[in-house]
Amino acid sequence: MTMKLGFSTLGCPQWDWAEILGTAKDMGIDGIEIRGVANEIDPMKITIFDEEHLEETRRQLSQSGIEIPMIASSVTLGEKPGSEKGELQMQQAKDQIDFAAKNEIPFVRVLLTLNPQPIQADLEAAKARYQELCHYARDKKVRVLIETCGLLSDSVKMAQFIAGADEETRGVLWDIQHPYRHCKETPKQTVANLGKEIRYVHVKDSVVTENGETEYRMMGLGDLPVFDAVRELYRMGYDGYLTLEWLKRWRPELKDPDVIFYHFQTYMETLLAEVENEK
C-alpha cells in the first residue's frame, strides 16, 4: 500500500500552469490540487480548462502521469437558512461539481465556514445542504468532501454531520491541523471517529506563538503530529492523497514554493518509509 503525494496550487500563487506542471513532473509527485492558478482563483475561469486548451491540458497530464485529484472550492455551507448568500453558495457548489465531472476530477472540497476556528454556524442547515450536494453528485462520479474545519474540526460532530448523506458521494477531507489545534484531538482519535470516511488529507506543519498566532513552518519544523497521523492512516489501509496545503496565496510572507515543495516531498517520502517499516 502506497499513499499518494500532491501539492495544492494555493502554495504557488505566482506560478503559471507551465511552472506548476513542470515542478510536479520534476518532483515525480502524483497529483496537483487546484486552488487557483496565477491570478485566477475560480477554477472555471482558469484558461487550462477552457475549450481552447482543455485537450492539451489533458494530454500534458496524461503524458506526465499526473492527475488533478481535487478542486478545493471556497464554497461554505454554514449560511442562514433561506439566505441569498446560502443559495448562491449552493449554486456555486453545483457548478463546481459539474465542472469536476466534465474534467474527470474525483473530488470537490466544500467548507462549513471559511474561518478555521470553531465559530458559530447553522449545522442543521449546513447538513441539509451537504446532503443535497451529495445527492446532486450521485450520477456524476464526483465525491463531495467536507473539510475538518470550523465546528467540524470536532470529528465526533463531523461523523454526525455526514451521517445520512449519500455514501457513494460523501466523504471527509482531514486537515490534520484543525482537529489537533482546535479540539485537542490526537490523530488516533480522529481516525477512530471518522475511519474510512476520510478520503483525502491536507498536510502542513506549524506552531502556535506566544501571542496565539499560527506560524506555518516547513514540514518537520513545527509540532503537528504528522508522523502519528500518517501512521494511523497506514494502519487503516488508507491509500489516498497526502497533499501539502501551503497557504502562500493568503500569506505572502511564507517561504517560496520552490523550497517548500521539494522539502515536503523529501520529508514525506522519508516519513512514509519509516511508517511502512514499523513493526
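Quick look at the values:
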quantity: Elements of type helices (runs of 4 or more DSSP H) in the range 176-236, at least 2 residues being under 26 Å from TYR262 (Cβ atoms); calculated: 177-183, 226-236
quantity: Within the range 207-242, considering residues that are of a type in the set (Asp, Glu) and at pLDDT below 95, the one surrounded by the most Cβ atoms within 10 Å (Cβ to Cβ); calculated: GLU213
quantity: Restricting the range 1-17 to residues that are assigned to a loop (DSSP other than H, G, I, E, B) and not polar (S, T, N, Q), the residue that is nearest to THR270 (Cα to Cα); calculated: MET3
quantity: Any chance THR270 is hydroxyl-bearing (Ser, Thr, Tyr) and either outside any helix (DSSP H, G or I) or touching an Asp or Glu at 6+ places or on another chain (Cβ under 6 Å) (or both); calculated: no
quantity: Top-ranked residue in the range 25-56 [being without any contact (Cβ under 8 Å) to a residue 40 or more places away in the chain and part of a helix (DSSP H, G or I); ranked as nearest to THR266 (Cα to Cα)]; calculated: ASP26
quantity: One residue from GLY86, GLY78 being in contact with a Leu (Cβ under 7 Å, 6 or more places away or on another chain), more than 15 Å from ALA165 (Cβ to Cβ) and crowded, with 17+ Cβ neighbours inside 10 Å; calculated: GLY78
quantity: First in the range 101-130 and acidic (Asp, Glu), second anywhere and surrounded by 15 or more Cβ atoms within 10 Å (Cβ to Cβ) and in a strand (DSSP E or B), Cβ under 9 Å, 6 or more apart; calculated: GLU104/GLU67
quantity: Total residues in the range 206-233, condition of a type in the set (Ser, Thr, Tyr) and farther than 20 Å from GLU147 by Cα; calculated: 1
quantity: Close pairs from the range 211-222: first among the β-branched types (Val, Ile, Thr), partner modelled with pLDDT under 95, Cβ under 9 Å, at least 6 apart; calculated: THR214/PRO116
quantity: Residue within the range 147-161 that is under 23 Å from ALA229 (Cβ atoms), of a type in the set (A, V, I, L, M, F, W, C) and touching a Lys or Arg at 6+ places or on another chain (Cβ under 9 Å) present; calculated: yes
quantity: Failed condition for ARG109, given (1) crowded, with 17+ Cβ neighbours inside 10 Å; (2) assigned to a loop (DSSP other than H, G, I, E, B); calculated: (2)
quantity: Check on LEU247, in contact (Cβ under 8 Å) with a residue 24 or more places away in the chain, in contact with a strand residue (DSSP E or B) (Cβ under 7 Å, 6 or more places away or on another chain) and surrounded by fewer than 22 Cβ atoms within 10 Å (Cβ to Cβ); calculated: yes
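Residue by residue, here is whether (1) touching a Pro at 6+ places or on another chain (Cβ under 7 Å); (2) at pLDDT below 95; (3) acidic (Asp, Glu) holds:
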{"site": "ASN39", "(1), (2), (3)": "no, yes, no"}
{"site": "THR57", "(1), (2), (3)": "no, no, no"}
{"site": "MET90", "(1), (2), (3)": "no, no, no"}
{"site": "VAL108", "(1), (2), (3)": "no, no, no"}
{"site": "ALA121", "(1), (2), (3)": "no, yes, no"}
{"site": "ALA125", "(1), (2), (3)": "yes, yes, no"}
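The values are calculated or read from the model by the stated rules, or taken from the named source; none is laboratory data. None of the values given here were measured: they were computed from a predicted structure. Glycine also receives a Cβ, built like all others from the backbone with ideal geometry; neighbour counts cover every protein chain displayed.
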